[in-house]
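Read the structure below first, then the notes.
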Amino acid sequence: MFQNSRTTVLALVRRGRLGKAAVALVIFFLLACGILAFNMKTIKIEVDNKVIPVTTIFNTVGQALANSNLEFNPEDVVDPPRNSRITKGMRVVVTRSIPIHLTVDKQTLSVRTTAKTVGEAINDLSERYGLQIKDVDEVNEPRSEDLKEQMDIKVRRSVPVVVQADGKTINTFLAPRTVAEVLKKLNIVLGAKDKVSLALNHILTANEKVKVVRVAEKVETEKSEIPYQMVTQPGDYPVGLPDKVISRGSNGIQEQTIRLTLEDGKEVDRQILEQRVVAAPINELVSRGAQTSVSRGGQTINFKKAYIMRATAYCIPGGITKTGAPVQWGVVAVDPRVIPLGSKVYVDGYGSGRALDTGGLIQGNRIDLYMDSQAAAMSWGVRYVLIYLQ
């Protein structure tokens, strides 16, 4: 009886332990599934013009791609980058690389690139492999050509050369070739008379310089004026007054036919082939005042020069002039740059006077005349008169 009871107890204990283990295992499984479900993310991969959803538990784009059932190459471009952390609903764009063959320095590389054109591929591979391919290095395909799978791209190294032409200095790199071929490649077309510093069949080496001088000849017809001359004759009016035109002059015209030689646009030689007068010049005839004396009030006034001036009358009794003389009849205020102070003058309608005063407003051909009364000054007012410098 006692033995049966003990056996029953032990069986119950064993069953309890197994039950607990089973429960723990179930809980662990549920927790693992929960954690896995929590960490699982779905991203959309855009590749080959398709959008493919991929569910992953990995944290970075690169890990997700590497553990997907899709095939990718290390040269493929991934956006966002492979080291980016994944977020739910992330969109990943993969640009496939294609295989091509690149030959540089007699060595052929079989590589992959995502470039779209030959030029982009050369730039990409030059940077990636340290090839230092320059833009002017020779390429067997146009750099703008679309890139195709298994395309063979061949690059010829160039050397530095200097070409001077058309006012420009071109520092460039070209594969070794003759001067004529260099000019052709640079689209420099030679004229029949152009000069080149090196022989056209000379093969250029590094840092050699080629200078092209453009030589042109042209025949031009040039017309130029033949200036007319001024011929004067004595006039019957006071010296100093403006000349009077009797007949207008006009320039003549001559025509020359000229052969010009130009080097780089600069004239280096000219030859007159023909010259003729198209129209002869006509001289201008003017009358110039010659009188040095006039008769006024029965007396002869001799003078050096005559002026037409704006004359203003004034009356300020007891005033002192610029020269210190008292104001009185015959005192004339002048611009000393025109009529020197102290000069004797004769003013038509006023009479004899002397330049003894100046004034702030008396500039150029202007004078002030002193009057003995305000009435006389008002009567004179302002008028233009002939002034004779004696």
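Every read-out reported here was derived from the displayed coordinates using simple, explicitly stated rules and does not represent laboratory data. If you're wondering where the values come from, they're calculated on a predicted model, not measured in any experiment. Neighbour counts run over all protein chains shown; Cβ positions are idealised from the backbone, glycine included.
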Send over the per residue convex hull volume for the chain, Cα only, as a whole number of Å³.
496 Å³
Total charge of the residues flanking Val155 in space, meaning their Cβ is under 12 Å from its Cβ, with Lys and Arg +1 and Asp and Glu -1, is 0
Explain nothing, just the number: relative contact order of the chain, from Cα pairs under 8 Å at least 6 residues apart, as a whole percent.
9 percent
Below 15 angstrom from the Cβ of Val294, what's the summed charge of the other residues (Lys, Arg +1; Asp, Glu -1)?
+2
Kirkwood Rh, angstrom, region 217-287 [1 / mean 1/r, Cα pairs]
15.0 Å
Cα gyration tensor shape of region 206-334, rounded if a/c is under 1.5, else prolate or oblate by comparing a/b with b/c
oblate
Can you tell me the order of 206-215, 48-57, 153-162 when each peptide is scored by its average per-residue count of other Cβ atoms within 10 angstrom, highest first?
153-162, 206-215, 48-57
Can you compute the charge dipole magnitude of region 230-337 about its Cα centre, using +1 on each Lys and Arg Cβ and -1 on each Asp and Glu Cβ, nothing else charged? Give it in debye, rounded to the nearest 20.
780 debye
For region 98-156, just say rounded, prolate or oblate: build the C-alpha gyration tensor, square-root its eigenvalues into a ≥ b ≥ c, call rounded for a/c under 1.5, and beyond that prolate if a/b exceeds b/c, oblate if not.
rounded
Relative contact order, percent, of region 98-156 when contacts are C-alpha pairs under 8 Å separated by at least 6 residues?
46 percent
How much length is gained on full extension from Glu267 to Glu149, taking 0.36 nm per residue of separation minus their Cα-Cα distance?
36.8 nm
Among Leu361, Val215, His202, flag the residue with its Cα farthest along the positive direction of the charge dipole of the chain, charges on Cβ as +1 for Lys/Arg and -1 for Asp/Glu.
His202
Any of Lys184/Lys211; Lys193/Lys223; Lys44/Lys148; Lys134/Lys185 with alpha carbons more than 23 Å apart? Name them for me.
Lys193/Lys223; Lys44/Lys148
By the gyration tensor of its Cα atoms, with a ≥ b ≥ c the square roots of the eigenvalues, what is the shape of region 299-389: rounded for a/c under 1.5, prolate for a/b over b/c, or oblate?
rounded
Taking the dipole about the Cα centre of the chain, with the C-beta of Lys and Arg at +1 and of Asp and Glu at -1, give me whichever of Gly297, Tyr370, Val277 is farthest to the positive side.
Tyr370
Candidates per GluC sites (Glu not before Pro) in region 43-124, loop by DSSP, up to 13 other Cβ within 10 Å:
Glu71
Give me the dipole magnitude in Debye, nearest 20, for the chain about the Cα centre, with unit charges on the beta carbon: positive for Lys and Arg, negative for Asp and Glu.
2080 debye
Where the only charges are on Cβ atoms (+1 Lys, Arg; -1 Asp, Glu), what is the dipole of region 299-389 about its Cα centre, to the nearest 20 debye?
300 debye
Those trypsin sites (Lys or Arg not before Pro) in region 317-390 that DSSP places in a loop and that have at most 11 other beta carbons within 10 Å:
Arg337
In the neighbourhood of Leu262 defined by beta carbon distances under 14 Å, the net charge of the other residues (Lys, Arg +1; Asp, Glu -1) is -1
